[in-house]
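Notes follow once the structure below has been shown.
The values are calculated or read from the model by the stated rules, or taken from the named source; none is laboratory data. Every value quoted in this text rests on a predicted model; they were computed, and no experiment measured them. Here the Cβ positions follow ideal geometry from the backbone for every residue, glycine too, while neighbour counts run over all protein chains shown.
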Amino acid sequence: MRSGAKVAIVGGVFIVVAGGVGYGAYNVLNGDGGGSTTAESKSTEVRTGPLSAEEIRTTAEDFLAAWADGKDPELAAAYTNNAAEAKDAVAGYSEQAHITGAVITPGKATGAKVPFTVKATVKFEGLSKPLSYASELTVVRGLTSGKPLVDWVPTVIHPKLEKNTHLVTGEAAKPPIKAVDRNGTELTAQKYPSLAPVLEQLRNKYGEKAGGKSGVEMWIHTDGDNTPRSMLLTLSKGKTGELRTTLDAKVQAAAEQAVKKFGEASVAAVKPSTGEIVAVANNRKDGFNAAMLGKQAPGSTMKIVTAAMLLEKGLAGAGKPAVCPKTALYEGTSFHNLDNFEIQGGTFTQSFARSCNTAFIKLIDEAKDDHALPSVARQVFGLGLDWQTGIASADGSVPEAEGGGAAAQYIGQGTVQMNVLNIASVTATTKDGTFRQPIIVPRDLDDRQLAVAERQLPGSVGQQLRDMMRATASWGTGRTAMSGLGGDKGAKTGSAEVDGQATSNSWFTGFQDDLAAAASVESGGHGGDAAGPVVAAVLSAG
């Protein structure tokens, strides 16, 4: 036993205390646990076969003892089957995580698995806080030495560690913030789970600008990655800065509840008069902020942009006739309507309100410009510009296409890529007549440059578009979803077929007075069935 160690009986457990660090153990070095750097095995015979209970017990205890001692990471690593990685991890336990005074107590083995508990203290620049957790290790027989060794995996050090991660204690990257809505109500991830990734980004970007001061934390660091820190322990909270957002707690709460009704659902709401983001919510297994970062085909909600282009070119008029056959062919690509419906003797408004794909496809021949849609999307609706919302967001994409690919874009398929914030902005632009780039924090907070569209929506085009959306909400495909709303209201439904999935994605967008919202539900089917009620619930709360 190492010189200077003190032995004591505590609660019936044999405890060895070395240099002020404790660990539960029965044998510090036994020569058969992989620690050949300090004790050689008397036998050169390579053992084979299943491990004995004694081998499992002593190997686990010897490793835990050396780890807890903390003075010789190389010794602890020698008890494992990956000495290089284990040495770095054990060394980092004290040097990077600043964990000291560890008492590691092994439990009763189950086969080759040995559970253990850790009780220690994290100390950093005069601050300290207790740390306790449980983990487990597995003992295996060395492939070449035949010795019992700890099978090295990161979770041995801490159950939340993964490959290429380690524990770090230090000053927090950014100060804490108290995010509040437009009316001063506090927004927390506990009350509004969808905002967790949003609040983390806001803290990282605006913590200092909001007047905060960094605290001291212990977190899981991912090597070579900008992944947000996974905080494990707070030693000092620091000074919290207050950050006002454009969100509305009441509308956000409604959005959170609405998306819970459907799996893989997202919704966003924007004020047409200002571009302020009022709510953003997701219900996804992966926790991804798809409402702002998603990139998918938006289906027929894209027909708002397409209709604007056709109306501006004089190729269609709200009250003018529009041919809506069951199917339509464009440069060898066939298109059809949902359930192959047709409208005989109808107008462009009827085709829009009932979401007739073929009516739009038939007008492409007259447009004689496959690039007209991307141009209007960018120049009028601000899609594809560099949006500076305040946090990371994808600003939509309508790339130039040819032939059948261009035709597919007309109805929101093909290479068109949107998220619900993009489509909510399209609806907001239609309602107001001017693209106002969505923002989640005021521009004057950091003087960032907002995206500006090249031109406004022409007055007569905007009026016809709004009337067509009003018709959709009143008697078209959006009627059921929007029936409970009053005021000035309009809508557009969409169903997007992606990667040959059996059921299409449900999309819906609408406005009510000075609020526009859009939602999507993956594999939700018809736009009015799933995404429609989500949008209606959000608009109703506004």
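A few notes on this one:
Yes/no per residue for (1) among the hydroxyl-bearing types (Ser, Thr, Tyr); (2) modelled with pLDDT under 95; (3) over 28 Å from residue 512 (Cα atoms); (4) out of contact with any helix residue (DSSP H, G or I) (no Cβ under 7 Å at 6 or more places or on another chain):
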position	(1), (2), (3), (4)
240	yes, yes, yes, yes
276	no, no, no, yes
285	no, yes, yes, yes
303	no, no, no, no
309	no, no, no, no
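- Of all the residues in segment 428-452, those that are touching a helix residue (DSSP H, G or I) at 6+ places or on another chain (Cβ under 9 Å), surrounded by 19 or more Cβ atoms within 10 Å (Cβ to Cβ) and among the hydrophobic types (A, V, I, L, M, F, W, C) number 3.
- Residues satisfying the stated conditions in segment 398-447, i.e. of a type in the set (A, V, I, L, M, F, W, C), assigned to a loop (DSSP other than H, G, I, E, B) and either more than 17 Å from residue 378 (Cβ to Cβ) or without any contact (Cβ under 8 Å) to a residue 12 or more places away in the chain (or both): 411, 440, 441
- Unique match (being in contact with a Pro (Cβ under 6 Å, 6 or more places away or on another chain) and either crowded, with 18+ Cβ neighbours inside 10 Å or in a helix (DSSP H, G or I) (or both)) among 389, 349: 389
- Members of segment 142-201 found to be in contact with a His (Cβ under 7 Å, 6 or more places away or on another chain) and of a type in the set (Val, Ile, Thr), listed by number: 165, 168, 169
- Only a single criterion out of (1) within 26 Å of residue 246 (Cβ to Cβ); (2) surrounded by 24 or more Cβ atoms within 10 Å (Cβ to Cβ) is not satisfied by residue 493, namely (1).
- Selected residue (criterion: nearest to residue 426 (Cα to Cα)) from residues of segment 351-393 that are of a type in the set (Val, Ile, Thr) and touching a helix residue (DSSP H, G or I) at 6+ places or on another chain (Cβ under 8 Å): 380
- Here is the figure for segment 402-447: residues that are within 27 Å of residue 204 (Cβ to Cβ) and small (Gly, Ala, Ser) total 2.
- Test result for residue 278, outside any helix (DSSP H, G or I) and closer than 23 Å to residue 453 by Cα: yes
- A count restricted to segment 127-151 and to residues that are of a type in the set (Ser, Thr, Tyr) and over 34 Å from the mean Cα position of the chain (by Cα) stands at 2.
- Yes/no for residue 496 being aliphatic (A, V, I, L, M), at pLDDT below 95 and in contact with a strand residue (DSSP E or B) (Cβ under 8 Å, 6 or more places away or on another chain): yes
- Index of the failed condition, residue 468 passing every other in (1) more than 26 Å from residue 266 (Cβ to Cβ); (2) in contact (Cβ under 8 Å) with a residue 24 or more places away in the chain: (1)
- Residue within segment 320-331 that is under 27 Å from residue 420 (Cα atoms) and either surrounded by 20 or more Cβ atoms within 10 Å (Cβ to Cβ) or under 37 Å from the mean Cα position of the chain (by Cα) (or both) present: no
- Note on segment 283-298: residues that are under 9 Å from the mean Cα position of the chain (by Cα), surrounded by 22 or more Cβ atoms within 10 Å (Cβ to Cβ) and assigned to a loop (DSSP other than H, G, I, E, B) total 1.
- One residue stands out among those in segment 218-237 that are among the polar types (S, T, N, Q) and modelled with pLDDT under 85: the one that is nearest to residue 171 (Cα to Cα), which is 230.
- Within the option set 531, 496, being in contact with a Pro (Cβ under 8 Å, 6 or more places away or on another chain), of a type in the set (A, V, I, L, M, F, W, C) and either in the same structural domain as residue 264 (by TED's automatic domain parsing) or free of Cβ contacts under 8 Å to residues at least 60 places away in the same chain (or both) holds for one residue only, 496.
- Entry remark, segment 499-508: residues being over 14 Å from residue 258 (Cβ atoms) and either surrounded by 24 or more Cβ atoms within 10 Å (Cβ to Cβ) or touching a residue at least 12 places away in the same chain (Cβ under 8 Å) (or both) number 6 in total.
- Counting only residues that are surrounded by fewer than 22 Cβ atoms within 10 Å (Cβ to Cβ) and part of a helix (DSSP H, G or I), segment 352-375 holds 6 of them.
- Any hit, segment 353-362, residues being in the same structural domain as residue 525 (by TED's automatic domain parsing) and farther than 18 Å from residue 299 by Cβ: yes
- Looking across segment 254-274 at every residue that is of a type in the set (Gly, Ala, Ser) and either closer than 26 Å to residue 523 by Cβ or not assigned by TED's automatic domain parsing to the domain that holds residue 433 (or both), the one that is farthest from the chain's Cα centre (by Cα) is identified as 254.
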